[in-house]
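Enquirer: I'd like to ask you about the structure that follows.
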Amino acid sequence: MLEVKDLEVYYGAIHAVKGISLRVEDGQIVTLIGSNGAGKSTTLHTISGLIKPRSGNILFDGTDITGTPAHKIVASGLVQVPEGRHVFANMSVMENLDMGAYLRKDKDGIEKDKKKVFELFPRLFERKNQLSGTLSGGEQQMLAMGRPRVLLLDEPSMGLAPLLVKEIFSIIKTINEEGTTVLLVEQNANMALSIADYAYVLETGRITLSGPAADLSASEAVRKAYLGG
Ligand code: ATP
């Protein structure tokens, strides 16, 4: 569903991503783990069209989307949820969901998806007319997640209390089981590996390890470096 080939990304003279290749199969949860500054966010931003790569290719559903404007990539169903929570604080929950659908023309589909979001997150339904800026952190994260075909999640657990982290991960799992493919960037490698099918470890712009998430969880090297022993 999503394929990244030999991606090279620079910020001026800084070489942030050094030849990354990865694949996300339809229906999978794939996670990118690695320490601060490894290039995880940069990789996501490049896939979603917010940053232009120096070279390399991004294929979505077999189509080369390298260099496609970000708004067109979103409209095709590849949606990035930024690090932290990004909702329109001065709009209600309902207005935020309408914003997410603003590029779509299929009114019935939009209504069906909104119903789905509310089924998944009943708390959002209870608060549908509340200004999003007044939602709790966890509720804002739920709202930001929506229901695209491929969800690029940048550290959804950041800044959340442990109980909410568990809830957000269980929601990611549910969204995935209902058909959304997920590429997940996380510092919380333990949690990420526990729900992912496949994982890539990034170190200073390069993939140093990859494999089924269960294998990486069991690997001593990964446990030592990223899972606290
Ligand atoms: P974190 O988990 O800390 O967010 P990350 O793995 O997501 O880290 P990136 O944010 O992708 O890492 O950063 C990769 C490298 O690129 C870092 O060395 C960072 O300092 C650099 N970098 C990121 N954004 C910019 C920018 N806008 N201008 C210059 N350098 C940048």
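Enquirer: Which residues' amide hydrogens lie under 5 Å from the amide hydrogen of G211, considering only partners 5 or more residues apart or on another chain, with H built in the peptide plane?
Expert: Answer set, sorted by chain and number: A199.
Enquirer: Which value at 222 nm does the chain reach when only helices count, each DSSP H run of 4 or more adding -39,500 (n - 2.57), with the total divided by all residues and rounded to the nearest 500 deg cm²/dmol? Before the final figure, lay out each step's value.
Expert: Values: 10 runs with 86 residues, N = 229.
Taken over the chain, the calculation gives -10500 deg cm²/dmol.
Enquirer: Over the range 141-226, calculate the relative contact order: mean separation of alpha carbon pairs under 8 Å at least 6 apart, over the residue count, as a percent. Could the numbers behind the result be given before it?
Expert: Details: 86 pairs, mean separation 21.0, N = 86.
Over the range 141-226, the number comes to 24 percent.
Enquirer: While we're looking at this one, here's another question. Using alpha carbon coordinates only, what is the Rg to Rh ratio of the chain, with Rh defined as the Kirkwood radius? Working shown, then result.
Expert: Working: Rg = 17.3 Å, Rh = 18.0 Å.
On the Cα set of the chain, Rg over Rh gives 0.96.
Enquirer: Another one. Which semi-axes, in whole Å and largest first, does the equivalent ellipsoid of the range 1-93 have when worked out from the alpha carbon gyration tensor as the square roots of 5 times its eigenvalues?
Expert: Listed largest to smallest, the semi-axes of the range 1-93 are 21, 17, 14 Å.
Enquirer: For E203, enumerate residues with amide H under 5 Å from its amide H, sequence gap 5+ or separate chain, H modeled in the peptide plane.
Expert: Counting only residues 5 or more places away or on other chains, the set is T208.
Enquirer: In percent, how large is the relative contact order of the chain, given Cα pairs closer than 8 Å and 6 or more residues apart? Can you show the working numbers first?
Expert: Numbers: 429 pairs, mean separation 64.0, N = 229.
It comes to 28 percent, rounded to a whole number.
Enquirer: Separate question: At 1.4 Å probe size, with every protein chain present, just tell me what the per residue accessible area of the chain comes to in Å². Don't skip to the end; give the middle numbers.
Expert: On the way: 10910 Å² over 229 residues.
Spelled out: the 1.4 Å probe surface of the chain, per residue, equals 48 Å².
Enquirer: Now, a different point. Beyond a 28 Å Cα-Cα separation, which of these cross-linked pairs lie in this structure: K5/K116; K52/K107; K72/K114; K107/K166; K5/K107; K18/K173?
Expert: On the way: K5/K116 34 Å; K52/K107 32 Å; K72/K114 21 Å; K107/K166 33 Å; K5/K107 36 Å; K18/K173 30 Å.
As for pairs spanning more than 28 Å Cα to Cα, those are K5/K116; K52/K107; K107/K166; K5/K107; K18/K173.
Enquirer: Which of the helices in the chain, when you take each full DSSP H run, stretch at least 18 Å along the axis at their Cα atoms and have an average Kyte-Doolittle score of -1.0 or higher? Before the final figure, lay out the partial values.
Expert: Numbers: long enough: 107-120 (20 Å, -1.33); 162-177 (23 Å, 0.70).
Qualifying helices, which must be both long enough and hydrophobic enough, are 162-177.
Enquirer: Separate question: As an exercise, identify the trypsin sites (Lys or Arg not before Pro) in the range 16-90 lying in DSSP coil whose Cβ has no more than 16 other Cβ atoms within 10 Å.
Expert: Working: sites: K18, R23, K40, R54, K72, R85; in loops: R54, R85.
Taking the range 16-90 and a limit of 16 other Cβ atoms within 10 Å, the loop trypsin sites (Lys or Arg not before Pro) found are R54.
The values are calculated or read from the model by the stated rules, or taken from the named source; none is laboratory data. Please read these numbers as outputs of a predicted model, since none were measured by experiment. Neighbour counts run over all protein chains shown; Cβ positions are idealised from the backbone, glycine included. Note: areas computed on protein heavy atoms with side chains; ligands, DNA, RNA excluded. Shrake-Rupley method; radii C 1.70, N 1.55, O 1.52, S 1.80 Å.
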